[in-house]
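The values are calculated or read from the model by the stated rules, or taken from the named source; none is laboratory data. A quick note: this is a predicted structure, and the numbers were derived from the prediction, not measured. Here the Cβ is made from the backbone with ideal geometry for all residues, glycine too, and neighbour counts use every protein chain on show.
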Amino acid sequence: MSAVTSKDLKAEAKGLNFFYGSVHALKNISLPIERRKVTALIGPSGCGKTTFLRCFNRMHDLYPHNRYEGEILLYPDNVNIISPEIDPIEVRMQISMVFQKPNPFPKTIYENVAYGLRVRGTRKKQVIDERVEKSLRGAALWEEVKDRLHNLAFDLSGGQQQRLCIARALATDPRILLFDEPTSALDPIATSKIEELIIELKNEVTIIIVTHNMQQAARVSDYTSFMYIGEIIEYDRTDKIFTAPSSKLTEDYITGRFG
Amino acid sequence: MKKVTPQKVRERVIEAILFLSALSSILITVSIVFILCYESWGFFKEVSVIEFLTEKDWMPLFANPKFGILPLVMGTLLTTGIALIVALPLGILVAVYLSEYAPHKIREIIKPVLELLAAVPTVVYGYFALLFLTPILQKFLPDLSGFNALSPGVIMGIMIIPYVSSVSEDAMIAVPMHIREGSYAMGATKLQTAFKVVIPSAFSGIAAAFIIGISRAIGETMVVSIAAGGMPNLTLNPLESVQTLTAYIVQVSLGDVPHGTVEYRTIFAAGMTLFLMTLGFNIVGFWLRKRIREVY
């Protein structure tokens, strides 16, 4: 793996292993996550990129028989967020996630965005109002919904719903934002809006994105990690990975020879 | 080119049989409604609808009869209301536990046991209310009469918990996992996820469960006949004896009221009222389900 020198890390996986029961899904993964940059995880289906992403907010804790080994350190606190002593809820309070399919709650647009704040016990209406507006603006949705904040979220189109989910994730001011193939259920226009949004958001938050779409990785990310059968094959600056990959496997994948 | 093959004939016959069986259930329903309407019509020729709806006493078998349905409606609503106060929260809690918390093995034990609760004959529940619950309640509520609305109401509530919980649980289990994950990913606890996301997502199914529970409680006959007494009492006091629509119908059907008299037809007037109440709740339930249809 080629060295990327930066002292400005937000998180770092060190010797991470992950097991679904007896299946060894992630093998000794080490990866730096640069602060306020977009890191893309690419690779063929089943390579473990989503599994890896879901380690960052401890989603695997929701299901039995899953086990982590190793470390994911969150900087600057230097806390190992996958350690069993750390409450997964604490981790999720700081690391938000946007899912593959838009998954708004059966609530109003306003309440969807306010959800994270309410869960944290925020009561003040003024605080919530401000946060909701700021997050919806951040997700480039405010102008479209400001007159119908109290309509049900299901009234929105798929692309709008996904931006609503981004607003929901932003509302709690996360330190890292995880995207799990956020545009795979969307049409090209909605996709390009989300991509623009991701590029804008990195000014404020560190982003990790899993994507099937290599053009997407090339367009939105600063760093790219190519994964294959539970391992990281190559990690580098995105322009380097897509123009001069050092591994033959990476080259074969990005040129479409397999995957 | 048309050719009648034996296969086609067989298909036709099967189709006809299926159609007739579907038709028979419709015919039965229609004829029930028809008889109900016909006999009620006979009743309302002799008793005005206004008296029926506004008179505050129900004394059809007295020398100077009074035909006010309100006491029976009130008795029905009172026992049903008490049953719902018991069944709705408990049914929902059971459903939340089964769908969100219970490990697979425990669910496999609890579900059949709950369904067993629905298999107990209602006459057993009735005597349970009269001979077990009422004496216990009387220790805490000295004013409680031997026949009262409270005890059968509570027992009916327990009786319909399985209906409420099993339909609610089905609705909650059907909420897709990625909706729950969305909530957990925001840092929500299991309890917050269950109450703020899963229950609202399953709302239409839960509403249907409520309606089933309400219809069951309104139509329940045995428990209230045994434990609520036979006094048509226009009251909202659960400590007093009341008579429900169903219990009245039983009482008159058992007695020796001659056919064709107005006393006899009161059964159908009460039955009609009962039918309209249940129908009303079913329509509300249907409307709720359509209006708050989930998008998943």
inquiry  = Within region B:1-19, does at least one residue satisfy the condition of being within 28 Å of the chain's Cα centre (by Cα) and surrounded by fewer than 10 Cβ atoms within 10 Å (Cβ to Cβ)?
reply    = no
Those residues of region B:36-51 which are assigned to a helix (DSSP H, G or I) and either of a type in the set (Val, Ile, Thr) or surrounded by 20 or more Cβ atoms within 10 Å (Cβ to Cβ) (or both), in sequence order = B:Ser40, B:Phe43, B:Val49, B:Ile50
ask   = Quick check: is even one residue across region A:42-59 among the hydrophobic types (A, V, I, L, M, F, W, C), within 9 Å of chain B (Cβ to nearest Cβ), crowded, with 23+ Cβ neighbours inside 10 Å and without any contact (Cβ under 8 Å) to a residue 60 or more places away in the chain?
value = yes
query = Just for region B:171-211: of the residues that are over 18 Å from A:Arg92 (Cβ atoms) and touching a Lys or Arg at 6+ places or on another chain (Cβ under 7 Å), which one is farthest from the other protein chains (Cβ to nearest Cβ)?
reply = B:Ala208
ask   = Regarding B:Ile158, is this residue under 17 Å from the mean Cα position of the chain (by Cα), within 15 Å of B:Val94 (Cβ to Cβ), more than 14 Å from chain A (Cβ to nearest Cβ) and modelled with pLDDT of 90 or more?
value = yes
message = Please return the ranges of helices (runs of 4 or more DSSP H) entirely within region A:86-184 where 2 or more residues are in contact with a strand residue (DSSP E or B) (Cβ under 8 Å, 6 or more places away or on another chain) and away from every other protein chain (no Cβ under 11 Å).
response = A:158-170
inquiry  = Just to be sure I understand, how many residues within region A:185-195 are part of a helix (DSSP H, G or I) and over 15 Å from the mean Cα position of the chain (by Cα)?
reply    = 6
task = Kindly provide the set of residues from region A:73-100 that are touching a residue at least 12 places away in the same chain (Cβ under 8 Å) and touching an Asp or Glu at 6+ places or on another chain (Cβ under 6 Å), ordered by number.
result = A:Leu73, A:Pro88, A:Phe99, A:Gln100
inquiry  = Against the condition closer than 20 Å to A:Thr39 by Cα and either in a helix (DSSP H, G or I) or within 14 Å of chain B (Cβ to nearest Cβ) (or both), how does A:Asp239 come out, does it pass?
reply    = yes
query = Which of the following residues is charged (D, E, K, R), more than 14 Å from chain A (Cβ to nearest Cβ), on the phi < 0 side of the Ramachandran plot and crowded, with 22+ Cβ neighbours inside 10 Å: B:Glu240, B:Glu220?
reply = B:Glu220
message = For region A:229-259: of the residues being β-branched (Val, Ile, Thr) and within 17 Å of A:Gly46 (Cα to Cα), which is nearest to the chain's Cα centre (by Cα)?
response = A:Ile232
note = Going through (1) more than 9 Å from chain B (Cβ to nearest Cβ); (2) outside any loop (DSSP other than H, G, I, E, B); (3) within 19 Å of A:Ala169 (Cβ to Cβ) one by one, A:Lys27 fails only at (3)
remark   = Of (1) farther than 14 Å from A:Tyr20 by Cα; (2) free of Cβ contacts under 8 Å to residues at least 60 places away in the same chain; (3) more than 10 Å from chain B (Cβ to nearest Cβ); (4) surrounded by fewer than 17 Cβ atoms within 10 Å (Cβ to Cβ), A:Gly70 fails just (4)
note = Considering region A:190-205, residues that are among the β-branched types (Val, Ile, Thr) and under 27 Å from A:Glu111 (Cβ atoms), and then whichever is farthest from the other protein chains (Cβ to nearest Cβ), we arrive at A:Thr191
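Residue by residue, here is whether (1) more than 29 Å from B:His104 (Cβ to Cβ); (2) in a helix (DSSP H, G or I) holds:
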site: B:Ala171; (1), (2): no, yes
site: B:Val175; (1), (2): no, no
site: B:Tyr184; (1), (2): no, yes
site: B:Ile206; (1), (2): no, yes
site: B:Ile211; (1), (2): yes, yes
site: B:Ile218; (1), (2): yes, yes
site: B:Ile226; (1), (2): yes, yes
site: B:Met231; (1), (2): yes, no
site: B:Leu234; (1), (2): yes, no
query = Of (1) outside any helix (DSSP H, G or I); (2) within 14 Å of another protein chain (Cβ to nearest Cβ), A:Ile82 satisfies all except one. Which?
reply = (2)
task = Output the residue which, of all residues in region B:247-287 that are assigned to a helix (DSSP H, G or I) and free of Cβ contacts under 8 Å to residues at least 12 places away in the same chain, is surrounded by the fewest Cβ atoms within 10 Å (Cβ to Cβ).
result = B:Leu254
request  = Scan region B:164-176 and give yes if some residue there is crowded, with 22+ Cβ neighbours inside 10 Å, of a type in the set (D, E, K, R), out of contact with any Gly (no Cβ under 8 Å at 6 or more places or on another chain) and at negative phi, otherwise no.
outcome  = yes
